[in-house]
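Here is the structure we will look at, set down as structure tokens.
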Amino acid sequence: MEQESTLDSIVRVRIRSLRKARGWSLDSLAGRAGISPSQLSRIETGHRRISLDQLTAISRALGKSLDELVESPDDSDVVIRPDRDEHRGVTTWLLSNDGGPHGLTVAKMRITHQAGGVAPEDLGVHPGRDWFTVLSGTVVLHLGERVIRVEAGQAASFSTMTPHALRSDRGPAEILCILDHNGERSHLHT
């Protein structure tokens, strides 16, 4: 029951905040939602329970979905938790969700898999381009027959049709990378 009252309170605050952000009076939103200003006032102040019909009308008037008004108040929309892949020696923080701008994905990666002999089966190929900048440490980029050291403060961009793999050099390395759809599938979902 406590969760219900907390969610109820959050919905009331969201309605009032959205109304005020638009510069609308109680009368203005009430008119758009087809309810009386006194009903809307009592809804916003918690003196009246919100019926589904009223919530639907208010959300439509505010240009929001019901989901946006009643989403759970947990921290998953704020805190980005790491995804650890011990086998690959990579920890990933997915910084963009729902496919970032222009279908690109932004991720921070911590690479602990050390450089050394990279077997041909460790090299990946996919359509597109990858881009990354090294935040700390040194990354060894295996790009076809080439082995390229990319140090903190440097960036790299390359065609991903060339077989490639990333490893760290003498300790963990952290990168910020931008991947297209194919890069995301290859690097983050393997």
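Bear in mind these aren't lab numbers, they're just calculated from the coordinates by the rules spelled out. As the structure is a prediction and not an experimental result, all values here were calculated from the model. Note that we place each Cβ from the backbone using ideal geometry, even for glycine, and neighbour counts take in every protein chain shown.
Return the residue satisfying two criteria in turn: it lies in the range 127-180 and is part of a loop (DSSP other than H, G, I, E, B) and within 23 Å of the chain's Cα centre (by Cα), and of such residues it is farthest from residue 107 (Cα to Cα). Lay out the reasoning, then the answer.
Applying the first criterion (part of a loop (DSSP other than H, G, I, E, B)) to the range 127-180 yields 127-128, 137, 144-145, 152-154, 160-163, 169-172, 180.
Checking the rest, the ones that are also within 23 Å of the chain's Cα centre (by Cα) come to 128, 180.
Details: 128: 17, 180: 11 Å.
My answer is 128.
Could you please tell me which pairs satisfy a Cβ distance under 7 Å, a separation of 6+ or placement on different chains, a first residue in the range 20-31 that is closer than 11 Å to residue 61 by Cα, and a second residue that is assigned to a helix (DSSP H, G or I) and of a type in the set (A, V, I, L, M)?
If the second residue must be assigned to a helix (DSSP H, G or I) and of a type in the set (A, V, I, L, M), the pairs left are 29/40; 29/61; 30/40.
Please list, ordered by first then second residue, the pairs with beta carbon atoms under 7 Å, 6 or more apart or interchain, first in the range 141-156 and within 14 Å of residue 170 (Cα to Cα), second aromatic (Phe, Trp, Tyr) and surrounded by 13 or more Cβ atoms within 10 Å (Cβ to Cβ).
none
Just to be sure before I move on: is residue 88 over 22 Å from the mean Cα position of the chain (by Cα), outside any helix (DSSP H, G or I) and surrounded by fewer than 11 Cβ atoms within 10 Å (Cβ to Cβ) in the structure I sent? Reasoning before the result, please.
Details: over 22 Å from the mean Cα position of the chain (by Cα): yes; outside any helix (DSSP H, G or I): yes; surrounded by fewer than 11 Cβ atoms within 10 Å (Cβ to Cβ): no.
It is false that residue 88 is over 22 Å from the mean Cα position of the chain (by Cα), outside any helix (DSSP H, G or I) and surrounded by fewer than 11 Cβ atoms within 10 Å (Cβ to Cβ).
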